[in-house]
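Heads up: the structure comes next, in structure tokens.
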Amino acid sequence: MPAPDKPELHQQLKTAVGELCRGFPDPYWRDLDAKRAYPEAFVQALTRAGYMATLIPEEYGGAGLGVAEAAVILEEIHRSGGNAAACHAQMYIMGTVLRHGSEAQKKKYLPAITRGDLRLQAFGVSEPTTGSDTTQIKTIAARRGDKYVVKGQKIWISRAEHSDLMLLIARTTPLEQVKKRTGGLSVLLVDLRQAAGHGLTIRPIRTMMNHATTEVFFDGVEVPAENLIGEEGQGFRYLLDGLNAERILIAAECIGDGRWFLERACRYAKERVVFSRPIGQNQGVQFPLARAYANVEAAALMVAHAAQLFDSHQSCGAQANMAKLLAADASWEAANAAVQTHGGFGFAEEYDIERKFRETRLYQVAPVSTNLILAYIAEHVLGLPRSY
Ligand SMILES: Cc1cc2nc3c(=O)[nH]c(=O)nc-3n(C[C@H](O)[C@H](O)[C@H](O)COP(=O)(O)OP(=O)(O)OC[C@H]3O[C@@H](n4cnc5c(N)ncnc54)[C@H](O)[C@@H]3O)c2cc1C
């Protein structure tokens, strides 16, 4: 049978993921949210169905698809009312491993990840004292013979308790000794199972939504030198591939959220009768939804464009950033319109609007905040002077 063309493949993926998500309806997510518990059953179902290996090449057992297909999958999870934050990192971290990892590393890890025996879900970038300026990170990986010894602290490292591996960025050359501040950073694949009890401490952080995020302390954690991804000191460059994929995929999740909010809000607006007519008959209720719809659909085009550039190995920094900016704004606008449309019921847990509202708010801040995207566009696209 010939391989389906892209629109057909995307429709097949959307239908199949939607079907899987029907097994995890609103009460499943609501209950986990109340308990701040990890959606283990959902992640296992996605893994068993092969979706967590979407980007892994076929030679390592994966589906060999691109970021565009991963975006369809993550969007559909969110459009169904779920949340892919519990597992999306395996998709975007993969960009760095696939493009810059050695053949030996790929052979060692990728088949096990495909089988679901290993999880690569943790991405260790953020630190408490550096904020958005990644070049200032203080975690050090010092080379000692055939090992790196890691000391430092990371914050907001999501899923660290539910992952076997972490892609870690650390300084291998002190900032004072590098010509460019983006130099001297390296990417290491840390086996969290081996590190547990050997200098690694993970502390959960409770947040406004259910996100399984943590603080991670490295106190002399030893990482085999063979776990270095690519060349020492080039980590910032490798990170950028991962960050672009992350922005595109999280933008896709925002599109899914936006469509979910609009579907729920329109349904409610047709059913809710006040002053003897459906509230959705009032332009004051219609227009915010119509505007949010237009913005979600426009953002979706940018997400698809950025994914296509990423998959064809073209430069996509501007498009990935714009996709994230537009999609996060559109989902937030749709979230607000959905709360307003639901009136008091927008605040009731059993309607799930308030849960998704809290969840989608994150994307104005993480994985990169709106201001930093605007600063990127100003400097790198518009050629304005650097502001920071
Ligand atoms: C729930 C959650 C999960 C996360 N998961 C991960 C993860 O798995 N791995 C990981 O590495 N990180 C993760 N993060 C961290 C996330 O990427 C950062 O929070 C985000 O990049 C913002 O950095 P910051 O919090 O240090 O904010 P800061 O950099 O301190 O910024 C604070 C505010 O100041 C603004 N600001 C800062 N500098 C400027 C400037 N020059 N111009 C204009 N405005 C500016 C920002 O826009 C922001 O609004 C997560 C965060 C959260 C909340």
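The values are calculated or read from the model by the stated rules, or taken from the named source; none is laboratory data. Not measured: the values here are computed from a predicted model. Glycine gets a Cβ as well: all are built from the backbone with ideal geometry, and neighbour counts include every protein chain shown. All accessible areas refer to the heavy atoms of the entire protein, side chains included, with ligands and DNA or RNA removed. Shrake-Rupley method; radii C 1.70, N 1.55, O 1.52, S 1.80 Å.
Computed quantities for the displayed model
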read-out	value
Residue in region 322-340 that is within 16 Å of the ligand (Cβ to nearest atom) and not in a helix (DSSP H, G or I) present	no
Condition met for His380 (open to solvent by 40 Å² or more (accessible area, probe 1.4 Å), within 16 Å of the ligand (Cβ to nearest atom) and either under 28 Å from Pro25 (Cβ atoms) or at pLDDT 95 or above (or both))	yes
Qualifying residue in region 22-31 (condition: under 22 Å from Arg361 (Cβ atoms), surrounded by fewer than 23 Cβ atoms within 10 Å (Cβ to Cβ), of a type in the set (D, E, K, R) and in contact (Cβ under 8 Å) with a residue 40 or more places away in the chain)	yes
Filtered residue count, region 53-110, keeping only those that are open to solvent by 10 Å² or more (accessible area, probe 1.4 Å) and touching a Cys at 6+ places or on another chain (Cβ under 6 Å)	1
Test set (1) over 30 Å from Leu65 (Cβ atoms); (2) surrounded by fewer than 23 Cβ atoms within 10 Å (Cβ to Cβ) - Ala338 fails condition number	(2)
Positions within region 158-183 being within 20 Å of His211 (Cβ to Cβ) and either without any contact (Cβ under 8 Å) to a residue 40 or more places away in the chain or open to solvent by less than 40 Å² (accessible area, probe 1.4 Å) (or both), in sequence order	Ser158, Arg159, Ala160, Ser163, Asp164, Leu165, Met166, Leu167, Leu168
Failed condition for Glu232, given (1) of a type outside the set (A, V, I, L, M, F, W, C); (2) open to solvent by 20 Å² or more (accessible area, probe 1.4 Å); (3) assigned to a helix (DSSP H, G or I); (4) more than 17 Å from Ala294 (Cβ to Cβ)	(3)
Residues of region 41-52 that turn out to be touching a residue at least 24 places away in the same chain (Cβ under 8 Å), open to solvent by 20 Å² or more (accessible area, probe 1.4 Å) and in a helix (DSSP H, G or I), as a count	4
Single unsatisfied condition, Ala269 versus (1) modelled with pLDDT of 95 or more; (2) farther than 17 Å from His78 by Cβ; (3) open to solvent by 10 Å² or more (accessible area, probe 1.4 Å)	(3)
So Ile229, is it within 16 Å of the ligand (Cβ to nearest atom), in contact with a strand residue (DSSP E or B) (Cβ under 9 Å, 6 or more places away or on another chain), modelled with pLDDT of 95 or more and farther than 18 Å from Lys154 by Cα	yes
Filter result (open to solvent by less than 40 Å² (accessible area, probe 1.4 Å) and over 25 Å from the mean Cα position of the chain (by Cα)) within region 184-219	Gly184, Gly199
Condition met for Leu65 (under 21 Å from the mean Cα position of the chain (by Cα), modelled with pLDDT of 95 or more and among the aliphatic types (A, V, I, L, M))	yes
